[in-house]
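Colleague: Following this message is one structure expressed as structure tokens.
Read-outs: derived from the displayed coordinates by stated rules, not from any lab. Because the structure is a prediction, the values reported are computed rather than measured. Cβ: placed from backbone, ideal geometry, glycine included. Neighbour counts: every protein chain shown.
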Amino acid sequence: MDVNKLIIDLLVVLIQSPYTFVKAMGFRLAAMKREITETRTKTMAVDGVTLFINPHWTSAQSKVKLLFVLLHEACHVWMLHPKRLRDIYPSQRDIVHQAADYVVNLTLEQARCPYPMPDDALINRDYVDANWKCLNVERVVQLLLQQPPEQPEQPEQPQPPEGADTDPGDSGQGGQPDDETDSETETGKDTGDGDESGDESGDGDGDEQGTSQTNGGNGSTPESCGELLPAPDDLDEQEHVKRNEQALQLASSGAGSMPANMLEELHHQAQGSATDWLTAFKDRFATAVDASDWSEERFNQQYAAIGMIEPTLYTESVGTIAIVVDESSSMDNDQLNRATEQVAAIVSEWTPQRVLIIRHTAIIEDIQELFYGQQPEPREKRAHGGTYFRPVIEKLEDEIIDVACWVTDCMPMDSVPDASFPIIWLGTGYGAERCYNTYNLQGDFVSIDE
């Protein structure tokens, strides 16, 4: 069997899934290196950079199981587990692998993964916070370390018949007690299996004895979901986050959404990068326009009159926003890629009720209108030409918007009129801030370059 072709076919299945999070995982894996190996892993494994595939194990599995394992491994990569757990990996390999598997499997279950989880996969539904979200992997490691190691059950020793000689010397081991002989056999030291049965190194990646663990404890980690390896020293965390964001953007046209904890992981990873400004500006422009969630923070005025404190329907979100993308010739492809990331981040973080995506040069080239829950369609081509801001501002004056986010290098060829709505200038490229000041653009300036 051509294992590499099999993996490619399975990645195509993931990428073509109607579920956003499945598509994102497929795109993320497709961007990684792949290595077919019989030595690095007994199953599949990831180190944050490379997907390692054992051809013998892979060929023996069903395609449905392999789809789940690929999603499982992609989640390890998405959540930066190889890097986050690298420092404690050598001394706590079993615990690290178990904790990461608990987090990934519970995350996939909460995300309603369309592929069945193996029966012996590690899953503990107690590893959730007060909001029923899966705990992070560091917290699960702490919980596992606090548990006493599980003691294997001792087999019941058969009772000798009455009158039989019970002298230990009759065991044939030079006077060695029978229980020591049994113990040695159980560990596989005398079975001829070598390292396959008795793992003296503490490698908990496989389940050679066929055991399974589905609820807490420090036992063996089943091999059914693949393995986790420590990240290489040269893993670029910012590059990793960037690839995650690109994968999410590529998948944004699918149905459904990314699980909340995956998005939180992504935003947590992106601290210090180009998306830091999102939360701060959401606080400034958020309004109670989507009365879809019950909130205890604001009580119902109708019941207050009779002395009852009841919650009311209230959700803070942004009303209508315009996302304007400068596609003029002075914007190179890298800058436009950053613009694409910002569009995805804004729609995901701000949850606006209505979005206008306007792409322009000297004229308005394209307009997309989205409503709550919809995702932008990928832009298949770009325009070229000069940069005029006035046509866009005049267009937006005819709309009712709460804020405009303008991705540009801030180099217009026309005079820019004052707008009646607030503008956030998302500057990209060398000299963007200097141009912002030179042209006296009204509004807040934020650099989106790393």
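Colleague: Report the full-extension gain for the segment Glu237 to Asp418: residue separation times 0.36 nm, less the Cα-Cα distance, to one decimal in nm.
Modeller: Additional length available on full extension: 61.1 nm.
Colleague: About the Cα centre of the stretch 330-450, how large is the charge dipole given +1 on each Lys and Arg Cβ and -1 on each Asp and Glu Cβ? Please answer in debye to the nearest 20.
Modeller: So the magnitude is around 160 debye.
Colleague: Also, I was wondering about something else. Can you find, among Thr50, Met32, Tyr19, the residue farthest towards the positive end of the dipole of the stretch 1-59? Put +1 on the C-beta of Lys and Arg, -1 on that of Asp and Glu.
Modeller: Of the candidates, Tyr19 comes out farthest on the positive side.
Colleague: Once you have the Cα-Cα distance between Glu394 and Asp366, take 0.36 nm times their residue separation minus that, and quote the gain in nm to one decimal.
Modeller: Once the chain is fully extended between Glu394 and Asp366, it gains 8.6 nm.
Colleague: Run the dipole for the stretch 15-99 about the Cα centre, Lys and Arg Cβ at +1, Asp and Glu Cβ at -1, nothing else charged, and hand back the magnitude in debye, nearest 20. Walk me through the numbers before you get to the answer.
Modeller: Numbers: 12 positive and 6 negative charges, 33 e Å.
Roughly 160 debye, rounded to the nearest 20.
Colleague: Give the calculated FRET efficiency between Gln147 and Ala260 to the nearest 0.05, with a Förster radius of 35 Å applied to their Cβ-Cβ distance.
Modeller: Rounded to the nearest 0.05, the efficiency is 0.80.
Colleague: Let me ask something else. Using every Cα-Cα pair within the stretch 346-450, state what percent have a distance larger than 25 Å.
Modeller: Tail of the P(r) past 25 Å holds 18 percent of the pairs.
Colleague: Taking all pairs of distinct Cα atoms, average 1/r, flip it, and tell me the Kirkwood hydrodynamic radius of the stretch 406-450 in Å to one decimal place. Write out the running numbers ahead of the final one.
Modeller: Details: mean 1/r = 0.0942 Å⁻¹.
The Cα-based Kirkwood calculation yields 10.6 Å.
Colleague: I would also like to ask the following. Mind listing which GluC sites (Glu not before Pro) in the stretch 5-75 are in a DSSP loop and have 16 or fewer other Cβ atoms within 10 Å?
Modeller: Here the GluC sites (Glu not before Pro) that fit, given the DSSP loop and packing criteria, are Glu38.
Colleague: Gain in length, Asp126 to Ile88, computed as 0.36 nm per residue apart minus the alpha-carbon separation, to one decimal in nm?
Modeller: Details: separation 38, 0.36 × 38 = 13.68 nm, distance 2.36 nm.
Gain in length upon complete extension: 11.3 nm.
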